[in-house]
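Asks: The following block contains the structure, expressed as structure tokens.
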Amino acid sequence: MAWKRKYKCQNCGYQADIYDGKGFMGQKIVSVYCHDCHTVQPLVVGGVIGQSAPSFQGLADRLCLNCGSQNITEWDGRTCPKCGGPMTDTGEKEFWT
């Protein structure tokens, strides 16, 4: 199953939606950290989209959806992009396809 989970920083309250699993077309949604705007953003990778558009096979040359920067890395799953505090799963989740 694929879930969209809500993560929240225990220090500053920053929130982000994090996607687990694969969609029905085989795509993953990877959470990336933007070093310029200090946000966590979702990027679609792989699946049918990746087969049609090779640039969607990975994160190389991809842009932050918030500010357009190429200065992104895969998010570590625990560090707040705003304050560096701990981010944890709130338990809120929704099914996504």
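Asks: In nm, give the distance between the simple-model label positions of ASN66 and PHE24, each being 7 Å from the Cα along the Cα-to-Cβ direction.
Replies: Output for this residue pair reads 3.1 nm.
Asks: Normalised by the residues of the chain, what does the relative contact order come to in percent, with Cα pairs under 8 Å and at least six apart? It would help to have the intermediate numbers written out before the result.
Replies: Values: 205 pairs, mean separation 34.7, N = 97.
The normalised contact order for the chain reaches 36 percent.
Asks: Then there's this: Pull up all non-local amide H partners of LEU59: gap of 5 or more, or a different chain, and H-to-H distance under 5 Å with H placed in the peptide plane.
Replies: none
Asks: For the stretch 39-46, in order, what is each residue's ³J(HN,Hα) by Karplus, 6.51 cos²θ - 1.76 cosθ + 1.60 with θ = phi - 60°, in whole Hz (x at glycine and Pro)?
Replies: 10, 9, 10, x, 10, 6, 9, x
Asks: Something else: In whole angstrom, note down how far apart the Cα centers of the stretch 31-97 and the stretch 1-25 are.
Replies: The distance from the Cα centre of the stretch 31-97 to that of the stretch 1-25 comes to 10 Å.
Asks: Taking only DSSP H segments of four or more residues, each worth -39500 (n - 2.57), what value at 222 nm results for the chain once the sum is divided by all its residues, to the nearest 500 deg cm²/dmol?
Replies: -1500 deg cm²/dmol
Asks: If I ignore ligands, DNA and RNA and count only protein heavy atoms, how much of LYS93 is accessible to a 1.4 Å probe, in Å² to the nearest 10?
Replies: 100 Å²
Asks: Report which label in [x] 19.5; [y] 8.1; [z] 5.9 holds the value of mean projected area of the Cα convex hull in nm² derived from the coordinates of this structure.
Replies: [z]
Asks: Long-range amide H contacts for ALA2: which residues qualify at under 5 Å (H placed 1.01 Å from N, peptide plane, sequence gap of 5 or more or a different chain)?
Replies: TRP96
The values are calculated or read from the model by the stated rules, or taken from the named source; none is laboratory data. Just so it is clear, the structure is predicted and the values come from calculations on it, not from any experiment. In this analysis, Cβ positions are derived from the backbone assuming ideal geometry, glycine residues included, and neighbour counts consider all displayed protein chains. These accessible areas exclude ligands, DNA and RNA; they are computed on the full protein's heavy atoms, side chains included. Shrake-Rupley method; radii C 1.70, N 1.55, O 1.52, S 1.80 Å.
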